[in-house]
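Trainee: Have a look at the structure that comes next, please.
The values are calculated or read from the model by the stated rules, or taken from the named source; none is laboratory data. Computed from a predicted structure; not experimentally measured. Here Cβ is always computed from backbone atoms with ideal geometry, including for glycine, and neighbour counts include all displayed protein chains.
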Amino acid sequence: MNNYTKPRNDGSIAFGVIILGIGLVLLFRKFGLFIPDWVLTWPMILIAVGTYTLISQQFKSFFGSVVLFIGVYFLLKREFDLDLGLDQFIWPVGLIALGIYLITYKKQEYKVIDEARKNWETSRKNKKEASNAEKVESAEVVEDTTSSKEEPAKASDSGFVRATGTAFMDRIHEFVIFIGVNRKLMTKNFLGGKATVLFGGLDLDLTQVDFSGIATLDLEVGFGGVTLLVPPHWDVRTEVSNIAAGLEDERMFREGGVDTNKVLILKGFLLFSGLEIKSF
């Protein structure tokens, strides 16, 4: 994590190509060149948004896939009279697909949590073995000191995610749809992660988080809002693409400036949504 890696394609090129294409279409129509009417219809807007979202998320976006499918379907039906007879199945199939996605997403989240628990248990076991070795080699090691060092770590052994909204994990995995979620992360080895918010809200508290180097947080927000609470000394860099969305940075900067060894990079997209960054 401390080493800087080459940034992946965040969709900015795809977004630029889409804007360039729209501009060229409008210019060609001004010159009287033939441009099909369906190019500027609302299904094409959905296709553009879906395509951009998939590219920016390396074709791993459920939201982008759904938007692209809807756009292509209605474009074929409205403009090319290609009726596939799927109207009566869209909602049932859509709900089934959403349910499958949520189940798969949760299984992946539990897998990450299980791996984190195993890593923590392995680390704890190694520390205990090292501590026992030190006891054998030196009679000056105090038993109470060893036990007190291990005691704080037990808080993260209780499932790692609590019903109160506190999460003991190094990487964020949040999927919020049609609800509001308050999440407070507790870790000293923050590795970034991803949060998907659709028609909902997410309040993410990172004030008890620590890390060194560069951490990347992917935000995929459609028709929702995200409030991010961070320590005032972090170097937060926003590389989020906005489509009819708003981004407000209301952090209280301290006199000492930011810590260049703690860089949080925000990537992803906001579609008819809002992102608010705060500190205290």
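Trainee: Say whether the condition of being among the aromatic types (Phe, Trp, Tyr), more than 17 Å from the chain's Cα centre (by Cα) and modelled with pLDDT of 85 or more is met by at least one residue in region 150-168.
Mentor: no
Trainee: Restricting to region 1-33, and then to whatever is at pLDDT 80 or above and among the aromatic types (Phe, Trp, Tyr), can you tell me which residue is nearest to Leu191 (Cα to Cα)?
Mentor: Phe28
Trainee: How many of the residues making up region 188-215 are more than 25 Å from Phe178 (Cα to Cα) and not in a loop (DSSP other than H, G, I, E, B)?
Mentor: Going through region 188-215 one residue at a time, the tally reaches 4.
Trainee: Could I ask something else about it? Can you spot a residue in region 227-249 that is more than 16 Å from the chain's Cα centre (by Cα), under 23 Å from Phe63 (Cα atoms) and in a loop (DSSP other than H, G, I, E, B)?
Mentor: Within region 227-249, one or more residues are more than 16 Å from the chain's Cα centre (by Cα), under 23 Å from Phe63 (Cα atoms) and in a loop (DSSP other than H, G, I, E, B).
Trainee: Mind checking which residues of region 252-280 are buried (at least 18 other Cβ atoms within 10 Å of the Cβ) and more than 18 Å from the chain's Cα centre (by Cα)?
Mentor: Hits for region 252-280 are Lys262, Ser279.
Trainee: Filter region 34-49 down to the residues that are in a helix (DSSP H, G or I) and over 16 Å from Ala245 (Cβ atoms) and list them by number.
Mentor: Of everything in region 34-49, those that are in a helix (DSSP H, G or I) and over 16 Å from Ala245 (Cβ atoms) turn out to be Asp37, Trp38, Val39, Leu40, Trp42, Pro43, Met44, Leu46, Ile47.
Trainee: Now a separate question. Regarding Ala195, is this residue crowded, with 19+ Cβ neighbours inside 10 Å and in contact with a Phe, Trp or Tyr (Cβ under 7 Å, 6 or more places away or on another chain)?
Mentor: Here the answer is no, as Ala195 does not meet what is asked.
Trainee: Next up: Would you tally the residues in region 230-280 being small (Gly, Ala, Ser) and over 30 Å from Thr51 (Cβ atoms)?
Mentor: The number of residues fulfilling the criteria is 3.
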